[in-house]
Amino acid sequence: MESSRIAVAGASGLIGSALVRSLRADGHEVVRLVRRAARERDEVRWNPEEGYVDAAGLAGCDAVVNLAGAGVGDRRWTEEYKRTVRDSRVRGTSVLAEAVAALEPRPRVFVNGSAIGFYGDTGDRAVDESAPPGEGFLPALCVEWEGAAAPAQEAGVRTVFARTGLVVARSGGAWARLFPLFKAGLGGRIGDGRQYWSYISLHDEVAALRHLIDTDGLSGPVNLTAPHPRTNREITAAMGRVLHRPTLLPVPAPVLRTVLGEMAGDVLGSARVLPARLLASGFAFAFPDIEESIRAADAQP
């Protein structure tokens with residue numbers, strides 16, 4: 001697309017920082033939303049907890065991308081931390097959606113982060129964007145998170161929900177915790193290893209987000225996952241092959257529940273999620289298979 005002005009919330013995170021680099025490399029103007037006082041020309045202050053965003057800084061934006069939110073896997077799921085995770089997503093989305101709706105002219109598109117946690121535990125059943133939400137904390141969170149974007153939708157702004165899977169990256173996110181373990185020869189399947197993990201390489205995640213920005217016909221939920229979900233057992237074997245390490249130390253389910261508490265249910269749960277709408281819209285994956293994704297992540301600086 002032609003050079004555009006694009007606002008990104010969550011620009012310091014794993015996905016956000018990679019997206020900003022990609023957009024700027026292609027000549028786009030990126031403004032980053034920050035929670036402190038803006039110090040650089042490309043920064044716009046916002047404070048979702050207080051319901052504030054410097055709307056003037058968003059003026060002239062063609063797209064607004066919201067990737068902000070406390071990390072779901074950063075801490076044990078206490079009731080307090082679950083509120084933090086919820087509020088960081090729901091409030092942030094609501095504040096940005098209202099700001100987008102009030103802009104004149106309005107942006108062409110509002111891309112809001114979401115997650116495949118929407119579907120809950122799907123077992124061996126493959127699901128796409130037509131599936132209903134599952135049960136539990138993450139599905140309920142995703143429903144509320146996406147619902148908070150209603151002001152932008154009602155104002156006629158094309159709104160897309162990027163339901164992202166596990167991002168295969170060495171330097172951030174949940175997968176970054178796996179690389180050191182496997183490189184030390186301490187990796188192994190989790191539980192019985194039969195649960196499906198729906199993943200996406202960091203390269204394809206960024207490319208898919210840009211595809212959502214550029215593709216006028218796309219709105220609503222879009223799964224950002226590679227087309228071939230694999231079981232934890234298969235992914236464990238692939239990690240071992242790529243990193244040339246043994247994978248003989250399984251993590252028993254009771255141990256995981258002791259360490260992670262409620263979050264263990266989602267780690268042990270199965271998410272066999274397909275990117276039906278992404279593929280139908282013409283998106284081509286650079287790394288569609290798990291071994292390719294792991295190799296690409298291991299090569300990252």
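The values are calculated or read from the model by the stated rules, or taken from the named source; none is laboratory data. Keep in mind that what you see is a predicted model, and the values were worked out from it rather than measured. FYI the Cβ positions are ideal-geometry reconstructions off the backbone, even for glycines, and counts take in every protein chain you see. Surface accessibility is based on the protein's heavy atoms, side chains included, excluding ligands, DNA and RNA. Shrake-Rupley method; radii C 1.70, N 1.55, O 1.52, S 1.80 Å.
Below, the figures for the structure above:
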quantity	calculated
Selection count where residues are over 30 Å from Arg108 (Cβ atoms) and in contact with a Lys or Arg (Cβ under 6 Å, 6 or more places away or on another chain), scope region 217-250	8
Hey, Val31 in a helix (DSSP H, G or I), open to solvent by less than 20 Å² (accessible area, probe 1.4 Å) and in contact (Cβ under 8 Å) with a residue 12 or more places away in the chain or not	no
Hey, Arg125 open to solvent by 20 Å² or more (accessible area, probe 1.4 Å), more than 30 Å from Gly193 (Cβ to Cβ) and at pLDDT 95 or above or not	no
Cβ pairs under 6 Å, 6+ apart, first in region 3-19 and among the basic types (Lys, Arg), second in a strand (DSSP E or B)	Arg5/Glu29
So Arg241, is it surrounded by fewer than 17 Cβ atoms within 10 Å (Cβ to Cβ), among the basic types (Lys, Arg), in a helix (DSSP H, G or I) and modelled with pLDDT of 90 or more	yes
Condition met for Val100 (of a type in the set (Val, Ile, Thr) and within 27 Å of Trp46 (Cα to Cα))	yes
Residue list for region 120-148, filter: β-branched (Val, Ile, Thr) and either under 18 Å from Val8 (Cβ atoms) or touching a residue at least 60 places away in the same chain (Cβ under 8 Å) (or both)	Thr122, Val127
Residue check, Arg230 under 26 Å from Gln300 (Cβ atoms), touching a residue at least 40 places away in the same chain (Cβ under 8 Å) and open to solvent by 20 Å² or more (accessible area, probe 1.4 Å)	yes
All strands (runs of 3 or more DSSP E) inside region 92-179 with 2 or more residues being closer than 30 Å to Pro246 by Cα	166-168
Residue among Leu224, Leu248, Leu268 that is in contact with a Gly (Cβ under 9 Å, 6 or more places away or on another chain), modelled with pLDDT of 90 or more and of a type outside the set (Lys, Arg)	Leu224
Top-ranked residue of region 178-191 - restricted to ones that are touching a residue at least 12 places away in the same chain (Cβ under 8 Å) and not hydrophobic (A, V, I, L, M, F, W, C), ranked as surrounded by the most Cβ atoms within 10 Å (Cβ to Cβ)	Gly187
Filter result for the condition that a residue is touching a residue at least 24 places away in the same chain (Cβ under 8 Å) and on the phi > 0 side of the Ramachandran plot, over Gly117, Gly60	Gly60
Exclusive hit being open to solvent by 10 Å² or more (accessible area, probe 1.4 Å), at pLDDT 95 or above and of a type in the set (Val, Ile, Thr), set Ile213, Ile200, Ile294, Ile290	Ile290
Looking only at region 48-91, and only at residues there that are assigned to a helix (DSSP H, G or I) and closer than 12 Å to Trp145 by Cβ, the one that is most open to solvent (accessible area, probe 1.4 Å)	Arg91
Tally, over region 187-235, of residues that are touching a Ser or Thr at 6+ places or on another chain (Cβ under 9 Å) and outside any helix (DSSP H, G or I)	27
Options Ala63, Ala11, Ala7; residue that is modelled with pLDDT of 95 or more and touching a Cys at 6+ places or on another chain (Cβ under 6 Å)	Ala7
Some residue of region 156-178 being closer than 20 Å to Arg86 by Cβ and at pLDDT below 90	yes
From the options Ser130, Ser94, Ser17, Ser114, residue that is at pLDDT 95 or above, farther than 21 Å from Ala148 by Cβ and open to solvent by less than 50 Å² (accessible area, probe 1.4 Å)	Ser17
